[in-house]
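The values are calculated or read from the model by the stated rules, or taken from the named source; none is laboratory data. Not measured: the values here are computed from a predicted model. Don't worry about glycine lacking a Cβ; one is built from the backbone with ideal geometry, like all the others, and counts go over all protein chains shown.
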Amino acid sequence: MSIKIGFSRIQVTAHVHATESIKKVKDAFRKLLAVDGDHLQKMLDVQSCEGDYGTRISIITATIKRKKEVKALIERIARKLPLEHKQAINDHFMSVSKEEKIVFLRLDKQLLHEGEFRISQSGDILHVAIRIAIYNQTHGADRRHAVKGFLLDAGILA
């Protein structure tokens, strides 16, 4: 049975604490998404909440649904992410994926602001959730193997 797999959408989220520059975080989004300022403003949803000590936290989210934009972002990540980071994602595939339907990347906000794509374990990140559509009922190892192959072909894993 052949498995049809594709990218369905990408959601990017960042938490911006009161001590951070929201402008710099939006610039990191702009560098990741490769869009101009006006288009970026239309893409971003900004919510505010209160932290444990009464500090303001802004939650910025961008959801990319258009096939062309999703494809362009995947290609940009694949092109700009260093080989060793792609290998690390591959090595930890089970811990960065949810039922092989979502792959989570944690990209360093500060380095994105400088135009560099790097995976980070720190808290100062953009959360990137890449949703994968699987068009059949394959389960377990077969699906996991097919999704890993798909991500290898897309250049997200190495």
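Annotation: ALA133 fulfils all but one of (1) within 24 Å of THR19 (Cβ to Cβ); (2) in contact (Cβ under 8 Å) with a residue 60 or more places away in the chain; the unmet one is (1).
If we only count helices (runs of 4 or more DSSP H) wholly inside region 1-107, which ones have 3 or more residues that are modelled with pLDDT of 95 or more, surrounded by 14 or more Cβ atoms within 10 Å (Cβ to Cβ) and within 17 Å of the chain's Cα centre (by Cα)?
Values: elements: 22-33, 37-43, 67-80, 83-91, 93-96.
By residue number, 67-80.
Taking region 108-150 as the range and being surrounded by 14 or more Cβ atoms within 10 Å (Cβ to Cβ), closer than 16 Å to LEU33 by Cβ and either modelled with pLDDT under 90 or β-branched (Val, Ile, Thr) (or both) as the test, the residues that pass are HIS113, ILE125, VAL128, ILE130.
Do we find that ILE77 is out of contact with any Lys or Arg (no Cβ under 9 Å at 6 or more places or on another chain), within 16 Å of ALA129 (Cα to Cα) and in contact (Cβ under 8 Å) with a residue 60 or more places away in the chain in this structure? In short, yes. In region 111-126, which residue that is touching a residue at least 60 places away in the same chain (Cβ under 8 Å) and in a helix (DSSP H, G or I) is nearest to the chain's Cα centre (by Cα)? By that ranking, first place goes to LEU112.
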